[in-house]
Amino acid sequence: MKQRTYRARLSHWIGVCALLASACGGRRIDLESDGEEVRPGEEPGSGGATGSGGAAGSGGAAGSGGAAGQLPTDCEFSFPAGEDGTEDAQCGCTRRPGASNSFQCPWGTGTSVTALVGPAGSVVQLSGTPSTVGVPVELRIPPGALSEVVSIRITETSLPPPGEIADWSPLYRFEPADLTFATPVEVRIPWSSNQSLVPGTVSIHWSEEPGSCVLSPLSDNYLNAGFNQGSVRHLGWAIVGVVPRAPSCP
């Protein structure tokens, strides 16, 4: 009799467990994972959400394709012969180490800004640094210049300016280095100096080819009040200044 009662109770509890398992859909809750739901065969914390994060990381991998478009940091800059600004290149303040440093020639800060720009166009703007007070660095991309959405990055580097140029701005990086535009894009870069007269040869010097370390003045460079502007068809390095720098200047 006792044996029959024991078997009846056991059958009862087996039925209850079966009902609970069915109601829970075969899932379990890990009490040490803050109530995170864990499916059979999974470990806590390895849920589908994390897998999604991994997928987002793959999107980042596409961005790493953008990383391939980054500019080198060990550029050996050169400026083509032909421009002669020696007479205009007075020895003003500079952003290269030495005795001619001044608050009127603020060094670059390493600040970057990134924006997604597509076929509709947009303005990518870097501001908030000592060199961009009042006038930001701008890349004004018109509609139709891009055929797809691209992540564009502007960096105000803290690198010293190349030795051949009398610098009027920090050295800037525009990336991705291999990006080209279907139509001309306007760039604006502010400048500053302690010189009393602004030489007419102050120009934006831009990478001759996408990402190139050879810089040339923009063909339509326009000297404005506190900034220069001009047209570009690709990205790369940029700096405002006069070439060549007078040999007597520090």
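Filtering the stretch 207-231 to residues that are among the aliphatic types (A, V, I, L, M) and within 18 Å of the chain's Cα centre (by Cα) leaves nothing.
Screening the stretch 127-154 for residues that are in a loop (DSSP other than H, G, I, E, B) and of a type in the set (Gly, Ala, Ser) and picking the one that is farthest from Gly226 (Cα to Cα) gives Ser147.
Checked against the criteria, Pro176 does not count as under 22 Å from Asn221 (Cα atoms) and open to solvent by 10 Å² or more (accessible area, probe 1.4 Å). Candidates are the residues of the stretch 143-164 that are under 24 Å from Gly121 (Cα atoms) and open to solvent by less than 40 Å² (accessible area, probe 1.4 Å); the one that is farthest from the chain's Cα centre (by Cα) is Ala145. Taking Thr111, is it modelled with pLDDT of 95 or more and buried (at least 16 other Cβ atoms within 10 Å of the Cβ)? When the stated conditions are applied, Thr111 passes them.
Quick one: would you say Leu146 is among the aliphatic types (A, V, I, L, M) and touching a Leu at 6+ places or on another chain (Cβ under 6 Å)? Here the answer is no, as Leu146 does not meet what is asked.
Within the option set Asn194, Asn228, being surrounded by 23 or more Cβ atoms within 10 Å (Cβ to Cβ) and either modelled with pLDDT under 95 or of a type in the set (S, T, N, Q) (or both) holds for one residue only, Asn228.
Scanning the stretch 200-215 for residues that are open to solvent by 10 Å² or more (accessible area, probe 1.4 Å) and assigned to a loop (DSSP other than H, G, I, E, B) yields Gly200, Thr201, Glu208, Glu209, Pro210, Gly211, Ser212, Cys213.
Report whether or not Pro106 is surrounded by fewer than 20 Cβ atoms within 10 Å (Cβ to Cβ) and part of a strand (DSSP E or B). Spelling it out, it is not the case that Pro106 is surrounded by fewer than 20 Cβ atoms within 10 Å (Cβ to Cβ) and part of a strand (DSSP E or B). The test for being in a strand (DSSP E or B), among the aliphatic types (A, V, I, L, M) and surrounded by fewer than 17 Cβ atoms within 10 Å (Cβ to Cβ) does not hold for Ala120.
Filtering the stretch 155-176 to residues that are assigned to a loop (DSSP other than H, G, I, E, B) and touching a strand residue (DSSP E or B) at 6+ places or on another chain (Cβ under 8 Å) leaves Thr157, Pro161, Pro162, Glu164, Ile165, Trp168, Ser169, Pro170, Leu171, Pro176. Listed by first and then second residue, the pairs with beta-carbon distance under 8 Å, at least 6 apart or on different chains, first residue in the stretch 127-142 and surrounded by fewer than 17 Cβ atoms within 10 Å (Cβ to Cβ), second not in a strand (DSSP E or B) and not aromatic (Phe, Trp, Tyr), are Ser127/Pro136; Gly128/Thr111; Pro130/Pro106; Pro130/Thr109; Gly134/Gly226; Pro142/Gly121.
The values are calculated or read from the model by the stated rules, or taken from the named source; none is laboratory data. Just so it is clear, the structure is predicted and the values come from calculations on it, not from any experiment. Glycine gets a Cβ as well: all are built from the backbone with ideal geometry, and neighbour counts include every protein chain shown. What goes into the accessible areas is simple: the full protein's heavy atoms, side chains included, and nothing from ligands, DNA or RNA. Shrake-Rupley method; radii C 1.70, N 1.55, O 1.52, S 1.80 Å.
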